Amino acid sequence: MFKDLQLFFKEFKSNFISTGAIAPSSPQLARAILKPIRKRPSRPIKVLEVGPGTGAFTFEILKLLKVGDTLHIYELNEKLFSYLNKKIAAKLKGEHRIDVQLLHTDIRTLKSGLKYDYIISSLPFVNFDSRIFCEIMDNYFRHLAPEGIISYFDYILPHRLRLQFLKPGEHQRVKRLLTTMKSYLRRHQVAYDHVWLNLPPASARHLKKPLYTEIPEKIKNN
Ligand SMILES: C[S@@+](CC[C@H](N)C(=O)[O-])C[C@H]1O[C@@H](n2cnc3c(N)ncnc32)[C@H](O)[C@@H]1O
């Protein structure tokens with residue numbers, strides 16, 4: 001636990017943009033983010049975790065998986081990847097009945113024929129620009145099963161306080177990003193929870209594909 005904190009803080013200082021937090025997420029945030037998986041069906045499921053860091057969610061996800069399930073994990077940061085790789089190997093001890101793959105890869109390269117039942121994303125979206133946010137979210141939706149759920153969190157910071165942390169040139173970027181995020185939430189959010197016991201407090205958000213995006217031609221012409 002102390003090692004997790006130490007490494008996370010070190011990476012926060014050297015890679016602020018991609019790490020995006022000063023400490024790993026709390027067990028309370030993990031519980032809120034993993035609410036949908038706890039109601040998983042009994043058939044084998046496919047899960048994608050993005051940005052696991054030191055594994056605050058990963059080991060909780062593993063507790064919910066069964067034989068035949070799949071967990072793919074994408075981590076960009078090399079030090080966090082190596083650290084987590086060792087922790088997962090120690091946990092699984094050569095157990096292969098769950099297909100767990102940890103990849104040292106940028107999620108923006110994700111291109112597979114797989115459709116995931118659950119996508120758990122910890123990316124620090126607020127540090128990205130709105131174009132990259134849309135690119136990643138749209139790719140998540142392309143890789144989501146029809147009834148699948150995307151879960152992610154954002155930090156609860158009063159707007160005035162957030163502005164204190166930004167350089168003057170960043171105000172426009174963040175304003176655009178927050179507007180874009182809100183439009184995704186309006187279209188897709190099905191549930192959310194505020195979690196105060198986290199540093200900083202956060203909102204866990206759960207998104208689904210809309211029932212349909214447009215009426216298929218076949219039906220329109222009937
Ligand atoms: C806010 S931390 C969350 C870590 C952990 N899930 C937690 O909640 O404690 C964000 C994580 O996303 C990773 N990350 C950032 N950009 C990424 C990308 N493009 N592809 C994959 N991982 C990325 C960072 O290296 C970091 O581990």
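Please go through the range 34-60 and give me each residue that is within 12 Å of the chain's Cα centre (by Cα) and more than 8 Å from the ligand (Cβ to nearest atom), ordered by number.
L34, V47, L48
Within the range 111-135, track down each residue that is buried (at least 19 other Cβ atoms within 10 Å of the Cβ) and either touching a His at 6+ places or on another chain (Cβ under 8 Å) or of a type in the set (A, V, I, L, M) (or both).
Listed by number, the residues that qualify are Y116, I119, I120, L123.
Say we look at the range 80-134 and pick out the residues that are among the small types (G, A, S) and in a helix (DSSP H, G or I); which of these is nearest to R205 (Cα to Cα)?
Among those that are among the small types (G, A, S) and in a helix (DSSP H, G or I), it is S130.
Is one or more of the residues making up the range 75-83 aromatic (F, W, Y) and surrounded by fewer than 16 Cβ atoms within 10 Å (Cβ to Cβ)?
No.
List pairs: first residue in the range 61-76 and closer than 17 Å to S112 by Cβ and away from the ligand (no atom under 16 Å from the Cβ), second residue outside any strand (DSSP E or B) and of a type in the set (A, V, I, L, M) anywhere in the structure, Cβ distance under 6 angstrom, at least six positions apart or on different chains.
Taking only residues 6 or more apart or on different chains, the pairs are D69/I45; D69/I98.
Which ones in the range 1-27 are over 18 Å from A202 (Cβ atoms) and of a type in the set (S, T, N, Q)?
The answer is Q6, S14, N15.
Taking the stated definitions as given, is P24 within 12 Å of the ligand (Cβ to nearest atom), assigned to a loop (DSSP other than H, G, I, E, B), in contact (Cβ under 8 Å) with a residue 60 or more places away in the chain and of a type outside the set (V, I, T)?
Considered against the rule, which asks whether it is within 12 Å of the ligand (Cβ to nearest atom), assigned to a loop (DSSP other than H, G, I, E, B), in contact (Cβ under 8 Å) with a residue 60 or more places away in the chain and of a type outside the set (V, I, T), P24 comes out as no.
Only residues that are outside any strand (DSSP E or B) and surrounded by 14 or more Cβ atoms within 10 Å (Cβ to Cβ): list them for the range 186-203, please. It would help to see each step written out before you state the result.
Our first condition is that a residue be outside any strand (DSSP E or B); within the range 186-203, this holds for 186-188, 196-201.
Hits for the range 186-203 are H188, N198, P201.
Computed from the coordinates by the stated procedures, all read-outs in this text should not be read as laboratory data. Everything numeric here is computed off the predicted structure, so don't read it as measured data. All Cβ positions, even for glycine, are placed from backbone atoms using ideal geometry, and neighbour counts span all protein chains on display.
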